[in-house]
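**Student:** Shown below is the structure under consideration.
The values are calculated or read from the model by the stated rules, or taken from the named source; none is laboratory data. Note that the structure is a prediction, hence the values are computed from the model and not measured. Don't worry about glycine lacking a Cβ; one is built from the backbone with ideal geometry, like all the others, and counts go over all protein chains shown.
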Amino acid sequence: MIIVLSFLAVAALFVALACLFTVYMKRKVEALLPPTGRFIDVPGARLHVREFGGDPGAPAILLVHGLAGQLDHFTYGVAARLAGRHRVVAVDRPGAGFSTRAPGTPADLRTQAAILAALIDTLALDAPLVVGHSLGGALALALALDHPRHVGALALVAPLTHMQDEVPPVFDGLTILSPLWRHIVAWTLATPVSIKNGRAALDAVFGPEPVPHDFPTRGGALLGLRPGAFLSASDDLRSLPDCLPAQQTRYGELDVPVAILYGKDDHILDPQAHGQALADKVRGARLQLIAGGHMLPVTNPEATAAFILAAAAGCRSDRSAAAAQG
């Protein structure tokens with residue numbers, strides 16, 4: 001009995017210390033990396049966005065990041081290269097970065113797409129070019145399918161487009177099924193484990209390219225140490241089996257220009273299984289392969305920005321033609 005009580009006391013102490021450490025790290029990270037944009041309330045979410053000015057006559061560009069990320073993945077090197085010619089809006093997806101979901105709002109792609117459609121209306125973006133990276137690519141596709149008048153064209157960077165049999169190993173820790181255990185892990189183990197394994201995780205996501213030395217701060221990676229980031233990413237990942245298989249059967253319905261960019265050596269998503277498979281289903285879609293891995297907006301912002309600008313030019317042509325026909 002004494003041994004059992006001693007064990008429980010040690011376990012309780014460990015949980016308390018882990019929780020205190022997590023709270024400390026959350027406050028420290030948010031003091032180091034505060035919000036850099038403004039907040040916009042739409043049905044279902046309070047969204048954190050950064051806006052960059054540009055030619056009001058050119059199509060606007062909406063930048064949507066991927067799983068376990070935030071808008072800094074695009075502001076790291078891409079957004080400034082676009083802003084001289086276009087109005088650019090980078091958004092933290094619902095629940096990610098500094099954006100929050102309203103209580104009870106699910107994390108599935110269709111719900112997030114409706115939230116982004118409301119943002120487009122609120123900011124009067126007028127059918128922007130929607131750029132989606134990784135999971136943000138799946139969300140951009142959901143937006144174009146469910147809200148076609150809100151999208152002028154799609155530029156997809158290393159997009160998730162089809163359901164996979166297995167989760168990439170680096171994201172295995174997000175697949176906890178029990179809501180109770182997810183919250184316990186988020187407020188105890190997730191932060192110290194992420195600190196311990198952070199370098200290996202980043203190497204896996206960026207490989208075979210090196211991780212920039214300033215990515216934890218300039219790229220916002222430290223924000224992923226917060227328990228809310230763990231819970232949101234877990235919700236995003238766990239929602240995919242309920243929505244992505246049905247979505248991938250609808251890609252033939254897309255009636256907007258679609259451009260796809262992939263790194264030939266992407267270690268997270270296979271360019272053929274996601275990039276070429278989408279191009280095969282969408283009339284006029286094209287897949288461009290370049291040297292690099294999964295994190296092209298960070299590792300190769302020049303090529304990524306050039307790809308987006310080319311897609312925006314196609315969006316502008318399409319809109320001009322439509323206006324002329326009207």
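**Student:** Quickly run through the range 236-269 and pick out the residues that are loosely packed, with under 15 Cβ neighbours inside 10 Å, of a type outside the set (Asp, Glu) and farther than 30 Å from residue 210 by Cα.
**Tutor:** 241, 245, 246, 249, 250, 252
**Student:** May I ask you to say which residue of 71, 109, 82 is within 29 Å of residue 227 (Cβ to Cβ) and either in contact with a Gly (Cβ under 9 Å, 6 or more places away or on another chain) or among the acidic types (Asp, Glu) (or both)?
**Tutor:** Testing whether each residue is within 29 Å of residue 227 (Cβ to Cβ) and either in contact with a Gly (Cβ under 9 Å, 6 or more places away or on another chain) or among the acidic types (Asp, Glu) (or both) leaves just 71.
**Student:** From 209, 166, grab the single residue that is touching a residue at least 40 places away in the same chain (Cβ under 8 Å), of a type in the set (Asp, Glu) and surrounded by fewer than 22 Cβ atoms within 10 Å (Cβ to Cβ).
**Tutor:** Being touching a residue at least 40 places away in the same chain (Cβ under 8 Å), of a type in the set (Asp, Glu) and surrounded by fewer than 22 Cβ atoms within 10 Å (Cβ to Cβ) holds for just one of 209, 166, which is 209.
**Student:** Scan the range 87-101 and tell me whether some residue there is surrounded by fewer than 24 Cβ atoms within 10 Å (Cβ to Cβ), free of Cβ contacts under 8 Å to residues at least 60 places away in the same chain and over 30 Å from residue 26 (Cβ atoms).
**Tutor:** Yes, that holds for at least one residue.
**Student:** I need a count of the residues in the range 213-235 that are buried (at least 17 other Cβ atoms within 10 Å of the Cβ) and not in a helix (DSSP H, G or I).
**Tutor:** 3
**Student:** Can you tell me which residue in the range 75-86 is farthest from residue 232 (Cα to Cα), limited to those that are surrounded by fewer than 24 Cβ atoms within 10 Å (Cβ to Cβ) and in contact with a Pro (Cβ under 8 Å, 6 or more places away or on another chain)?
**Tutor:** Taking the candidates together, the pick is 81.
**Student:** Pairs needed: first member in the range 103-115, within 15 Å of residue 234 (Cα to Cα); second member anywhere, acidic (Asp, Glu) and crowded, with 21+ Cβ neighbours inside 10 Å; C-beta distance under 6 Å; at least 6 residues apart or different chains.
**Tutor:** 107/236
**Student:** Scan the range 112-137 for residues that are over 12 Å from residue 42 (Cβ atoms) and either surrounded by fewer than 20 Cβ atoms within 10 Å (Cβ to Cβ) or in contact with a strand residue (DSSP E or B) (Cβ under 7 Å, 6 or more places away or on another chain) (or both) and jot them down.
**Tutor:** Those that are over 12 Å from residue 42 (Cβ atoms) and either surrounded by fewer than 20 Cβ atoms within 10 Å (Cβ to Cβ) or in contact with a strand residue (DSSP E or B) (Cβ under 7 Å, 6 or more places away or on another chain) (or both): 124, 125, 126, 128, 129, 130, 131, 132, 133, 136, 137.
**Student:** Please find, among 91, 29, the residue that is at pLDDT 95 or above and touching a helix residue (DSSP H, G or I) at 6+ places or on another chain (Cβ under 6 Å). Steps first, answer last, please.
**Tutor:** Details: 91 fails: touching a helix residue (DSSP H, G or I) at 6+ places or on another chain (Cβ under 6 Å).
On inspection, the qualifying residue turns out to be 29.
**Student:** Any residue that is within 17 Å of the chain's Cα centre (by Cα) and part of a helix (DSSP H, G or I) - is there at least one of those in the range 258-271?
**Tutor:** For the range 258-271, residues within 17 Å of the chain's Cα centre (by Cα) and part of a helix (DSSP H, G or I): absent.
**Student:** Take residues that are farther than 21 Å from residue 303 by Cα and tell me which of the helices (runs of 4 or more DSSP H) falling wholly in the range 62-173 contain 3 or more.
**Tutor:** By residue number, 109-122, 135-146.
**Student:** Those residues that are small (Gly, Ala, Ser) and surrounded by 24 or more Cβ atoms within 10 Å (Cβ to Cβ), I need them from the range 38-52; list them, please. Break it down stepwise before answering.
**Tutor:** Here is the first cut: in the range 38-52, the ones small (Gly, Ala, Ser) are 44-45.
The one that is small (Gly, Ala, Ser) and surrounded by 24 or more Cβ atoms within 10 Å (Cβ to Cβ): 45.
**Student:** Hey, residue 50 hits all of (1) outside any loop (DSSP other than H, G, I, E, B); (2) modelled with pLDDT under 95; (3) touching a strand residue (DSSP E or B) at 6+ places or on another chain (Cβ under 9 Å) but one; which does it fall short on?
**Tutor:** Failed condition: (2).
**Student:** What residue, among those in the range 53-74 that are over 13 Å from the mean Cα position of the chain (by Cα) and surrounded by 18 or more Cβ atoms within 10 Å (Cβ to Cβ), is modelled with the lowest pLDDT?
**Tutor:** Only one residue tops the list, namely 58.
**Student:** Only one residue in 123, 154 is within 29 Å of residue 281 (Cα to Cα), aliphatic (A, V, I, L, M) and touching a residue at least 12 places away in the same chain (Cβ under 8 Å). Which one? Please lay out each step first, then the result.
**Tutor:** On the way: 123 fails: within 29 Å of residue 281 (Cα to Cα).
None of the other options fit; the residue is 154.
**Student:** Which of the residues spanning the range 174-212 are part of a helix (DSSP H, G or I) and either at pLDDT 95 or above or of a type in the set (Gly, Ala, Ser) (or both)?
**Tutor:** 186, 190, 194, 198, 200, 201, 202, 203, 204, 205, 206
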